[in-house]
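Below is one structure, written out as structure tokens, with a few remarks after it.
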Amino acid sequence: MKTKRISDAMEEALNDQMTREAHQAQIYLAYASWAEVQGFPGIAAFLYKHMHEEREHMFKIIKYINGRGGRARIEQIAAPPADPQNISECLHNTLQHEIDNSAEIDAIVNQAHEEKDWATFNFAQWFVREQIEEETLINGLIDRFALATDAEPNNANLYDLDRDVADAPQEVLIPREEEF
């Protein structure tokens with residue numbers, strides 16, 4: 001594309017975000033592998049799935065930059081952090097990475113607004129919604145983990161009840177007077 005419809009500063013900011021998304025994917029991959037080795041196949045599957053999502057986010061940004069006449073830069077990404085010590089640390093670290101990523105996306109939204117780059121502003125809204133979803137999802141996992149592991153005597157039962165209520169029907173049949 002010969003016509004560039006994105007500022008150099010925005011191109012740089014989006015390239016940086018694309019690299020962060022690649023780093024996020026590496027973190028999810030490392031934590032998933034760790035969880036799998038620790039004997040948590042469900043948590044590993046969840047983390048592997050999110051690794052793929054982060055790579056999709058990275059690709060989405062690449063296509064956007066190139067589609068606006070910019071040039072996506074593929075750069076080296078940092079190694080993921082050390083393995084967590086336990087599932088709680090894994091989930092809390094994951095949440096913090098998502099919160100940090102949200103702040104970076106917010107900065108892109110602010111920059112797009114300041115530049116009056118409405119195309120990028122609109123594009124970034126998808127990522128804002130995605131981050132709300134990611135943070136909510138991880139917070140929910142942390143809550144369930146706490147419920148399942150806290151030392152309260154009935155927490156295992158509460159965990160089971162909570163899981164059952166999530167799938168419970170919202171309507172029930174009630175007896176009618178004429179059926180008596």
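Here, each number is a calculation from the coordinates, and none is a lab measurement. Remember, predicted model here, so these are calculated numbers, not experimental data. Ideal geometry is used to build each Cβ from the backbone, glycine not excepted, and the neighbour counts take in all protein chains shown.
So here's what we get for this one:
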{"item": "Listed peptides 39-51, 78-90 by packing density, highest first (mean Cβ within 10 Å)", "result": "39-51, 78-90"}
{"item": "MRE, 222 nm, helices only [DSSP H, n ≥ 4, -39500 (n - 2.57), over the chain, to nearest 500]", "result": "-25500 deg cm²/dmol"}
{"item": "The stretch 8-162 - percent relative contact order, Cα under 8 Å, separation 6 or more", "result": "23"}
{"item": "Only Lys, Arg (+1) and Asp, Glu (-1) charged, at Cβ; the stretch 8-162 dipole about Cα centre in debye", "result": "580"}
{"item": "Label-point separation in nm, residue 66 to residue 137, each point 7 Å along Cα→Cβ", "result": "2.5"}
{"item": "Cα-centre dipole for the stretch 1-61 with unit charges at Cβ (Lys and Arg positive, Asp and Glu negative), debye to 20", "result": "220"}
{"item": "Projected label distance in nm at residue 48 and residue 5, using a 7 Å step from Cα toward the beta-carbon", "result": "4.0"}
{"item": "Signed unit charges on C-beta, dipole axis of the chain, positive-most listed residue 147, 84, 131", "result": "131"}
